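Report on the following structure.
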Amino acid sequence: MILNRVVFALGFSVSTCLLPQVMASELNITLVDLQQQVIADTVVELIPAVVPDRAMPIEHYEIFQKNRTFIPFVLAIPKGAKVDFPNLDRTRHHVYSFSEAKPFELKLYVGQAEAPILFDKPGLVALGCNIHDYMQAFIYVADSPIVAVTDERGEIAFKDLAAGQYQVKLWHPWQKAASEPRDLLIANGDNQLSLSLDIERQAKPSAPPSGFGHFDAQGKPLHAK
Ligand SMILES: [Cu+2]
């Protein structure tokens with residue numbers, strides 16, 4: 001009985017290894033700067049050497065506006081995805097982009113804009129608001145369907161990857177220089193990877209305090225409450 005089980009286990013693992021595309025690998029990435037501090041909001045795009053023949057499901061994406069701030073600051077989506085831009089503020093926003101990958105505008109609105117925007121061309125889309133100059137966010141439209149953004153701990157977990165050869169592309173709004181794609185071999189099972197990027201840290205865009213719009217030459221609000 002015990003022998004049977006061992007044989008079964010061996011047979012299972014051998015047949016698993018023979019399959020060319022086992023969707024069993026996981027890749028955990030941590031992004032740090034040159035001082036070894038973790039970096040949030042970093043786009044990580046994985047480009048497989050062998051493009052999987054199954055279609056990846058395209059999720060629903062949104063960038064909402066709250067307290068006159070775009071959330072998230074950086075969104076990464078595969079090309080062909082649609083993004084909603086709900087406004088959770090009472091004040092109206094006028095979301096626009098002049099970027100070549102997707103010029104568009106959503107004229108003054110509160111609540112839900114009339115329709116999501118389709119991003120069908122890879123590239124970087126810088127967002128702004130016509131009413132509030134300090135509002136800023138980015139959409140990275142990836143050619144590859146495998147793309148995500150690091151969280152506050154600088155981490156991303158990619159699941160259900162096929163083992164094999166990939167290229168990794170990184171992007172961050174504060175990067176000092178465009179980074180070259182790096183080669184990566186993903187093995188079966190769990191893979192851990194630490195990557196670094198040279199960035200110049202800044203404050204994330206956020207709404208100024210009450211009395212905004214009235215500043216002295218030093219940038220201090222004249223009517224701070
Ligand atoms: Cu606005």
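The values are calculated or read from the model by the stated rules, or taken from the named source; none is laboratory data. Keep in mind it's a predicted model, so treat the numbers as computed, not measured. Methodologically, a virtual Cβ is constructed for each residue, glycine included, from the backbone with ideal geometry; neighbour enumeration extends over all protein chains shown. Please note that ligands, DNA and RNA were not included when accessible areas were found on the heavy atoms of the full protein model with its side chains. Shrake-Rupley method; radii C 1.70, N 1.55, O 1.52, S 1.80 Å.
On the beta carbon distance between Glu180 and Glu155, with R0 = 25 Å, the FRET formula returns roughly 0.65. Computed over protein heavy atoms with a 1.4 Å probe, the accessible surface of segment 27-175 works out to 49 Å² per residue. The simple Förster model, with R0 at 25 Å and r as the Cβ-Cβ distance, assigns Arg90 and Ala126 a FRET efficiency of 0.45.
Along the axis of the charge dipole computed for segment 52-184 (Cβ charges of +1 for Lys and Arg, -1 for Asp and Glu, origin at the Cα centre), the listed residues Cys129, Ile77, His60 are led at the positive end by Cys129.
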